[in-house]
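Engineer: Let me begin by handing over the structure; questions about it come next.
Read the figures in this text as sums done on the coordinates, not as results from a lab. Worth saying up front: this structure is predicted, and the values here are computed from it rather than measured. Using ideal geometry, Cβ is built from the backbone for each residue, glycine included, and neighbour counts are taken over all protein chains shown.
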Amino acid sequence: MSQPLPSISIVTPSFNQAPFLAETIESVLGQNYPNLEYVIIDGGSTDGSVEIIRKYEKHLAYWVSEPDRGQYDAINKGFARTKGDIMAWINSDDKHTPWTLRVASEIFAQFQTVEWLTTNYPLFAGEQGIAADCVKLHGFNREAFFRGANLPGGDWHADFFIQQESTFWRRSLWNRAGNRIDSGLKLAGDFELWARFFSEGAELHGVNVPLACFRHQKTQRSALQSKEYFAEALEVLRKNGGKPYSKWESYVLSKLAMLSRHFQKRYQRKLGGGKPMPVCVNFQGTGWSIKNK
């Protein structure tokens, strides 16, 4: 007997993103997920965004257009209006894949031990929304996160960011971790939330399928303020007791990565105190299964 599909709450914060907003909304609503609660919080746009939102309002659980204190304030405001078992946010210039909600819901329904989930294959698009690149990752774990493995840009060994628009979590974890995004941060609110999730003992599960597409476009804050994001995220890492790999450790990890992924994992396990390595969710032809890499 199949598990009932969990309720999913998605929030989209937006401000003057009319050229991309409809595509974002359709990527969520177009999946026809039967137990979806979709909220849009607009910061008082003046570029036609409100007219776009009104076209979809009968399919929305809630929407508003009014001044706010920034992106994370808008997201907190949106989540406060939701009740779904599974939560995520997607920014108004990014897109979900056509299967995102089904994949996430099936995994959460089948595995009660999965508290949060993301993709091992982050997808990227150009300004026109056409997929241009897909990165292959090998999973995530708490120890590596606090050694800087998910914060590229420094002088230490790092893999890649946790793709925010591909990440889903249980409301129980959200509540346990403080049920908010730190709105005092300007750019790295996602990174700070991940740090709290890991600090709560929740391992991040990776799934070997793209779940969302990050759009590169010229007004993007993450591109225009990448140095500021890095500095803010690094401060978050250190405040949570994290310490990036040393230059020697980074050198060894990089060399081992060139020689053998297997030996790199063994060395990362040693540096992480013998803790379990990344946990991945795979589809085996007849259903989902979980394994440690």
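Engineer: Cβ under 12 Å from Gln31's Cβ, Gln31 left aside: what net charge do those residues give with Lys, Arg +1 and Asp, Glu -1?
Structural biologist: Values: positive: Lys95, Arg102; negative: Glu26.
Result for the neighbourhood of Gln31: +1.
Engineer: Also, quick follow-up: Within the range 1-107, report the GluC sites (Glu not before Pro) that DSSP leaves as loop and that have at most 11 other Cβ atoms within 10 Å.
Structural biologist: On the way: sites: Glu23, Glu26, Glu37, Glu51, Glu57, Glu106; in loops: none.
Loop-located and lightly packed - none at all.
Engineer: Here is a follow-up. Mind checking the angle between helix 261-271 and the chain's longest principal axis? C-alpha axes, 0 to 90 degrees, to the nearest 10.
Structural biologist: The angle comes out near 80 degrees.
Engineer: What's the extension gain from Asn35 to Ser246 if we count 0.36 nm per residue and subtract their Cα-Cα distance? Display every interim value, and only then the final one.
Structural biologist: On the way: separation 211, 0.36 × 211 = 75.96 nm, distance 4.63 nm.
Full extension from Asn35 to Ser246 adds 71.3 nm.
Engineer: I'd like the distance between the alpha-carbon centres of the range 19-96 and the range 102-137, rounded to an integer number of Å.
Structural biologist: Going from one Cα centre to the other spans 19 Å.
Engineer: What is the packing order of peptides 234-247, 203-216, taking the mean over residues of other C-beta atoms within 10 Å and listing the highest first?
Structural biologist: The densest-packed peptide leads the list: 203-216, 234-247.
Engineer: Please arrange His59, His157 by counting, for each residue, the other beta carbons lying within 10 Å of its beta carbon, fewest first. Could you put the intermediate results ahead of the total?
Structural biologist: Working: His59 11, His157 26.
Fewest-to-most ranking of His59, His157: His59, His157.
Engineer: Efficiency by 1/(1 + (r/R0)^6): what FRET value for Asn282 and Ala132, r their Cβ-Cβ distance, R0 = 30 Å, to the nearest 0.05? Mind dumping the intermediate values first?
Structural biologist: Values: r = 26 Å, r/R0 = 0.86.
With a Förster radius of 30 Å, E is 0.70.
Engineer: Classify the range 43-137 as rounded, prolate or oblate, taking a ≥ b ≥ c as the square roots of the eigenvalues of its Cα gyration tensor: rounded when a/c is under 1.5, otherwise prolate if a/b is larger than b/c and oblate if not.
Structural biologist: Oblate, since a/c reaches 1.5 and b/c is not below a/b.
Engineer: By what distance, in whole Å, do the Cα atoms of the chain stretch along each of the three principal axes, largest value first?
Structural biologist: Principal-axis extents of the Cα atoms in the chain, largest first: 55, 49, 36 Å.
Engineer: With each label point set 7 Å from Cα along the Cα-Cβ vector, what nm distance links Lys291 and Lys227?
Structural biologist: Label at Lys291, label at Lys227, 4.5 nm between them.
Engineer: Once you've got the GNM for the chain with C-alpha springs shorter than 10 Å, pick whichever of Glu66, Glu143, Glu192 has the biggest mean-square fluctuation.
Structural biologist: Residue with maximal mean-square fluctuation among Glu66, Glu143, Glu192: Glu66.
Engineer: Kindly identify the range 83-180 as rounded, prolate or oblate by the Cα gyration tensor criterion: order the square roots of the eigenvalues as a ≥ b ≥ c, call it rounded if a/c is under 1.5, otherwise compare a/b with b/c, prolate if a/b is larger, else oblate.
Structural biologist: Values: a/c = 1.75, a/b = 1.13, b/c = 1.55.
Oblate, because a/c is 1.5 or more while a/b does not exceed b/c.
Engineer: Then there is this: For a test of the definition: using alpha carbon positions, the gyration tensor, and the 1.5 limit on a/c, classify the range 6-93 as rounded, prolate or oblate. The partial results should precede the final answer.
Structural biologist: Details: a/c = 1.92, a/b = 1.27, b/c = 1.51.
Taking the square roots of the gyration eigenvalues as a ≥ b ≥ c, the range 6-93 is oblate.
Engineer: Which value at 222 nm does the chain reach when only helices count, each DSSP H run of 4 or more adding -39,500 (n - 2.57), with the total divided by all residues and rounded to the nearest 500 deg cm²/dmol? Working shown, then result.
Structural biologist: Numbers: 11 runs with 103 residues, N = 293.
One gets -10000 deg cm²/dmol as the mean residue ellipticity at 222 nm.
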